[in-house]
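Working notes, structure below.
The values are calculated or read from the model by the stated rules, or taken from the named source; none is laboratory data. Since we're looking at a predicted model, the values are computed, not measured. Note that each Cβ is placed from the backbone with ideal geometry, even for glycine, and that neighbours are counted across all protein chains shown.
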Amino acid sequence: MLAASKLKIIQDLIASSSIEELIWINGYLSGVLAGTAEQSEQPVPSKAAVSKITIAYGTETGNSKKLATNFAATAKKSGINAKLVSLDQYRLNDLAKEEYFFTIISTQGDGEPPAAAKKFYEHIHQNGFKVNQLKFGVLALGDTSYPLFCKAGEDVDAQLQKLGGERVVSLHKCDTDYESDAGSWFSQVITKLSGNGAVATPTAIPAVAKKSGKKVYAGSILKNINLNDRGSNKQTHHIEIAAEEIAYSPGDSIGIVPKNPAYIVDAIISLTGIDKNKELTFRNESVSILNLLQSKLNIVYLPERVVKQYASIVQQEIPETKIGLLDLLKIYSVKNTSQFEEVIGILEPITPRLYSIASSKEAHGEEVHLTVARDFFQVNNETKLGLASDYLSQLPDNAELEFYVHKNDLFRLPAPDKDVIMIGPGTGVAPFRSFLAERDSTGAGGRNWLFFGDQHFTTDFLYQSEMQNWLDTGVLSKLTVAFSRDQQEKVYVQHKMLRQAAEFYDWLENGAHIYVCGAKEPMSVDVENTLLEIVQQAGNKSAEEANEYLNALKVEGRYMRDVY
């Protein structure tokens with residue numbers, strides 16, 4: 001057992017080291033131990049006993065890919081041939097033939113795997129095969145702000161064992177400050193693979209003194225204006241936030257935890273008679289019930305799993321339905337304040353909402369800008385508002401809020417001399433405002449072509465004056481707009497793309513990078529189908545050749561999407 005002072009030195013070293021540095025430290029210590037063993041005539045393996053492994057990654061923002069790439073390089077330096085593959089490109093039938101398989105997978109939304117990993121996820125959950133020869137390890141990436149932290153990774157780990165696989169190392173779950181933890185995990189993998197060929201009993205990674213977690217910024221509202229004109233069917237807010245020493249890049253998002261509406265909180269306290277000042281324990285800190293209901297717990301739209309637990313507490317049959325806590329309490333009331341405290345215990349944290357950054361550090365300094373559409377929808381013939389968009393749209397000047405930066409390494413600008421095609425209808429224009437401001441401020445020489453669309457030219461042309469200025473000054477080489485409801489037949493961005501197929505394809509042939517941002521369905525699907533049609537039509541290719549062309553763009557990092 002180490003003395004506390006020595007343990008502190010090691011923990012500080014680990015916390016401040018990069019992945020490659022951690023692997024190097026592991027190798028260095030192995031060498032020291034080998035030298036000691038030599039002197040005491042105890043054999044220590046001098047090279048990796050395992051010669052070949054597969055490292056597969058499932059990613060949404062690029063973090064899993066970055067880790068997997070680093071791990072593969074490190075493995076090769078250790079004498080282990082590492083096959084690196086994205087889970088969306090992985091041949092599913094190969095899993096039954098694998099001997100050593102390690103996967104890095106993130107979790108999205110409500111415990112879902114990333115889109116690129118869904119086929120793999122569904123494949124292993126069909127239970128129609130066994131992998132008794134498989135030796136595996138899972139590194140799960142997630143965000144502790146979400147209730148189902150690292151759920152996709154947990155599911156993959158459990159299912160591979162259920163199918164007969166044997167863990168080389170235990171499942172490890174990483175928060176957004178994942179690098180040192182991930183490095184420790186892979187260091188353990190290398191150590192196990194460098195043994196005598198036998199898989200050791202899995203052991204948990206020792207607790208390490210970590211950095212404080214995701215960096216939370218304190219910001220204040222500088223400006224909050226509705227970009228839509230009178231008569232529009234929409235409310236789209238441009239929000240400017242002042243924040244000192246903020247670090248972000250074009251393509252990143254910020255995560256915001258919205259506050260619950262005051263009228264709902266007040267009604268719940270009045271209805272239950274609970275003492276709002278009473279303090280309860282939440283995430284290892286003492287928090288008042290008022291603070292919990294205002295800022296910490298999801299009370300507006302409850303997941304079905306929470307409603308089921310509520311039904312168990314109040315011992316009543318409750319049908320599956322979208323419902324908030326206030327309505328639940330009105331219809332299926334609690335007996336007393338003690339029972340309501342039990343209900344508080346099953347409520348989940350408010351999940352952060354991610355918004356694409358619409359500003360550039362180069363152009364806007366210590367500010368971050370957002371483009372937020374206020375979300376209206378119907379539940380049981382009643383108009384409801386999205387929690388986060390409603391909260392943000394009503395923030396007055398000088399109001400304070402906290403947020404963190406969510407990196408997106410799979411949505412980055414290319415070299416300054418490269419051409420860029422941006423397709424962003426509606427609020428999908430947000431990151432492209434960031435891109436254009438950045439390229440303008442840095443004097444990038446590449447051409448820029450923006451496709452923007454919305455409902456009406458007169459009321460819904462977001463950032464019109466800025467776009468016109470960039471067009472006049474040559475920052476925007478080409479601006480193509482589509483306003484769907486300004487004519488009898490609806491016209492969308494994909495229609496305008498197809499009308500300019502020859503020029504669009506010419507840009508691609510000259511090395512242009514394509515970016516798509518906005519609604520996943522149907523917009524991004526329609527845009528991708530149109531891209532294939534453009535390649536076939538203007539490139540004189542077959543459907544199969546067009547698919548190959550588009551896949552090549554993805555592999556080269558020239559076709560990137562940030563859709564939601």
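Of note:
- Here 430, 437 are screened, and the one residue that is closer than 21 Å to residue 522 by Cβ, of a type in the set (Gly, Ala, Ser) and assigned to a helix (DSSP H, G or I) is 430.
- Any hit, the stretch 383-405, residues being modelled with pLDDT under 95, within 15 Å of residue 250 (Cβ to Cβ) and not assigned by TED's automatic domain parsing to the domain that holds residue 494: yes
- Yes/no for residue 140 being part of a helix (DSSP H, G or I), at pLDDT 90 or above, under 14 Å from the mean Cα position of the chain (by Cα) and assigned by TED's automatic domain parsing to the domain that holds residue 176: no
- Screening the stretch 243-256 for residues that are over 15 Å from the mean Cα position of the chain (by Cα), buried (at least 17 other Cβ atoms within 10 Å of the Cβ) and hydrophobic (A, V, I, L, M, F, W, C) and picking the one that is farthest from residue 377 (Cα to Cα) gives 246.
- Meets criteria (closer than 30 Å to residue 145 by Cα, among the hydrophobic types (A, V, I, L, M, F, W, C) and in contact with an Asp or Glu (Cβ under 8 Å, 6 or more places away or on another chain)) for residue 117: yes
- For the stretch 53-110, a residue qualifies if it is touching a helix residue (DSSP H, G or I) at 6+ places or on another chain (Cβ under 6 Å), in contact (Cβ under 8 Å) with a residue 60 or more places away in the chain and among the small types (Gly, Ala, Ser), and the qualifying residues are 58, 78.
- Of the residues making up the stretch 331-342, just one is crowded, with 17+ Cβ neighbours inside 10 Å, out of contact with any Phe, Trp or Tyr (no Cβ under 6 Å at 6 or more places or on another chain) and closer than 12 Å to residue 274 by Cβ, namely 340.
- Any helices (runs of 4 or more DSSP H) falling wholly within the stretch 482-564 and containing at least 2 residues that are within 18 Å of residue 116 (Cα to Cα): 525-539, 543-555
- For the stretch 219-239, filtering for residues that are among the hydrophobic types (A, V, I, L, M, F, W, C) and more than 16 Å from residue 429 (Cβ to Cβ) leaves 2.
- Considering residues of the stretch 427-448 that are over 12 Å from residue 516 (Cα atoms) and touching a strand residue (DSSP E or B) at 6+ places or on another chain (Cβ under 8 Å) only, the residue surrounded by the fewest Cβ atoms within 10 Å (Cβ to Cβ): 446
- For the stretch 280-304, the set of residues classified as charged (D, E, K, R), exposed (fewer than 14 other Cβ atoms within 10 Å of the Cβ) and out of contact with any Asp or Glu (no Cβ under 8 Å at 6 or more places or on another chain) consists of 283, 285, listed by residue number.
- When the stretch 156-178 is filtered for residues that are touching a residue at least 40 places away in the same chain (Cβ under 8 Å), assigned to a helix (DSSP H, G or I) and surrounded by fewer than 21 Cβ atoms within 10 Å (Cβ to Cβ), nothing remains.
- Only one of the numbered conditions (1) among the aliphatic types (A, V, I, L, M); (2) within 14 Å of residue 102 (Cβ to Cβ); (3) over 21 Å from the mean Cα position of the chain (by Cα) is not met by residue 85, and that is (3).
- Residue list for the stretch 440-462, restricted to those being outside any strand (DSSP E or B) and touching a Leu at 6+ places or on another chain (Cβ under 7 Å): 462
- Counted as qualifying within the stretch 264-361 are the helices (runs of 4 or more DSSP H) with 2 or more residues that are hydroxyl-bearing (Ser, Thr, Tyr), without any contact (Cβ under 8 Å) to a residue 40 or more places away in the chain and at negative phi, namely 304-314.
- Tally, over the stretch 230-285, of residues that are among the β-branched types (Val, Ile, Thr) and within 23 Å of residue 433 (Cβ to Cβ): 6
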